[in-house]
Amino acid sequence: MRNLKIAILSYRSAQFGGGQGVYVKDISYALSLMGHAVDVISGPPYPNLHDDINLIKLPGLDLFETFDFKDRCNKFLKKRNKNKNDYYEFLSVLMGGFPEPKTFGERANEYLKINNDYDLVIDNQSLSYGILEIQKRLPFIEIIHHPITIDYKYELQSSKKIKYKISRHRWYSFLKMQKKVAPSIKRIITPSNSSKKGIVDEFKCNKNNITVINNGLDTNEFAPIKNFSRNKYRLITTASADVPLKGLDYSLKALKMLKKDFPKIHLIVIGNIKKNGHTERLIKKLNLEEDIFFKSNLTKHQIRELYASSSIAIVSSLYEGFGYPVIEAMSCEIPLIATNVSAIPELTSNYARLIESKNEEMIFNSVKEIFLDYPKHIEVARKAREHVIKNFNWIKITEEYEKIISKTIEEFNNANF
C-alpha cells in the first residue's frame, strides 16, 4: 500500500478516562509505523500522542471539565466568536444533555471542507450528522466500539427513581442522532463479534458494512515485572465507579464475603470514585472503607506495577464491547476472573476463569479456588500472555486495517469515477 495521509477524528480523547484516548493513541501510532502520515483531530480533553503524530485541536467549550454552574457560564461567556454550535452546546449541557458528539462532528466537517487533502478519514464513534457530510466528500471509516444504547439500558435498570431516569434520558439524548446516522455509514470497524451483533440489533446497520478487527495492545508496556513481589491478598479491578455497566457492586460484595476467610484481603480499583455516589454509599454499608483503594490518572507503567503487585485481577462487567482491562491483565500475567458476557470470552479464550455476571458468590468461590492452587493459575496466566501477544499485537491488527482502508478508498474512487 502507498503511504497515505489519514485524519483520525475523536470528539474527546481523555488520557485516563475510558478507552477512547487509549484507542486513538494506539491506532494513530500503529498506522504511522506503517508509513502513513496521521493527524489526530480531537476535541477536548486532548490525547497524549506519540511524538510522530500531529494533534489538531478543535476546541469546544469543554463544559464537562467542571460541573460548577458559574464555571460553565464563564467558559461560555469568555469564548470569542461564538457560533451556533457553541450556543447549542451550552444550552444542551444546562438541560442535562451531552452534546459533544454532535457539535464536534459539525466542527470537524467545517474543518475538513477547507483542509480536504486527506486520503482517508477515520471517525472514533461520534456518529454525528456532520460525519455524513464528510463521508460524501472523502473515503471514510467509522469506528463503533459498541452501541451506547446498551449503556443507556443498563443505567435505566440500575435505579427505580424517576428523577434519575429523566436525567439519564436527557444525557443520552444524542442517541437519537446516532441511531439515524449509523445505518447510513458505508464502512464500519468494530472490535468484537459481540459489538457487531449489537450494532446490527441496536443501530439497524447492514451487517455487510461492518468489519470486526480487534483492538491491539502494546505488550511491552503491559508486561510482567521480574522479581516484583506480589501481595497475596491484593485483588485488582478496573471500573469507573457508579457506571452500572462495569458491575463493580458484585466485586465489592464478594470482597465482603472474602474478608471472613482472609482478613487481610483488599481491592485496588483503577478508576475514580464519585463523592457521595452509589459506590461510596455501598462501600460504607459493607464496612469496607479500609479495604478499597481507588487509583486514577495513572501512567501505563504505574498500572503495570499495580498488576505486578496483585494476586488476582477481576473484571466483573455486565457488558464489554471489547474490554481493555481483560487483555491488559492477561498481558501482565496475572490470574484473571472475568464475566462470561459479550466480548469477554472472545478475548480470553480458555485463559481466564469465566463466571456469570451479577454473581458475587461466583467471584467469591473463584478467588478461593485460585488461592488454593496458585501455581497452577500462574501457569495459565503465562499462557494467557502468549495468547495476547499472538492475537492482539498491533502489527497484525494494522495489516487488517490496511486491507479495509484500501478497499474503502478503491470503492470511493470507483463510485466517483
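For (1) touching a helix residue (DSSP H, G or I) at 6+ places or on another chain (Cβ under 9 Å); (2) touching a residue at least 40 places away in the same chain (Cβ under 8 Å), each residue gets a yes or a no:
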| site | (1), (2) |
| --- | --- |
| K284 | no, no |
| N287 | yes, no |
| S296 | no, yes |
| Y307 | yes, yes |
| S317 | yes, yes |
| G321 | yes, yes |
| M330 | yes, yes |
Inset, instruction - With respect to S296, determine if the residue is among the small types (G, A, S), over 27 Å from D373 (Cβ atoms) and surrounded by 13 or more Cβ atoms within 10 Å (Cβ to Cβ). - result: yes
Inset, instruction - Identify all residues within the range 264-280 that are of a type in the set (K, R) and either under 16 Å from L306 (Cα atoms) or surrounded by fewer than 12 Cβ atoms within 10 Å (Cβ to Cβ) (or both); write none if there are none. - result: K264, K275
Inset, instruction - Give just the number: which of (1) over 25 Å from S342 (Cβ atoms); (2) surrounded by fewer than 22 Cβ atoms within 10 Å (Cβ to Cβ); (3) of a type in the set (S, T, N, Q) does S158 not satisfy? - result: (1)
Inset, instruction - Could you please find all residues in the range 87-97 being crowded, with 17+ Cβ neighbours inside 10 Å and either in a helix (DSSP H, G or I) or more than 26 Å from the chain's Cα centre (by Cα) (or both)? - result: E89, F90, S92, V93
Inset, instruction - Any chance you could count how many residues in the range 111-161 are more than 17 Å from T211 (Cα to Cα) and part of a loop (DSSP other than H, G, I, E, B)? - result: 13
Legend entry - Which listed residue, of L336, L347, L354, is in contact with a helix residue (DSSP H, G or I) (Cβ under 9 Å, 6 or more places away or on another chain), crowded, with 20+ Cβ neighbours inside 10 Å and within 24 Å of K196 (Cα to Cα): L347
Legend entry - Restricting the range 362-382 to residues that are in contact with a strand residue (DSSP E or B) (Cβ under 9 Å, 6 or more places away or on another chain) and more than 25 Å from I225 (Cα to Cα), the residue that is surrounded by the most Cβ atoms within 10 Å (Cβ to Cβ): I363
Legend entry - Residue match in the range 38-60 (condition: part of a helix (DSSP H, G or I) and without any contact (Cβ under 8 Å) to a residue 60 or more places away in the chain): no
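Bear in mind these aren't lab numbers, they're just calculated from the coordinates by the rules spelled out. Note that the coordinates shown come from a computational prediction; the quantities given were computed from them, not determined experimentally. Note that we place each Cβ from the backbone using ideal geometry, even for glycine, and neighbour counts take in every protein chain shown.
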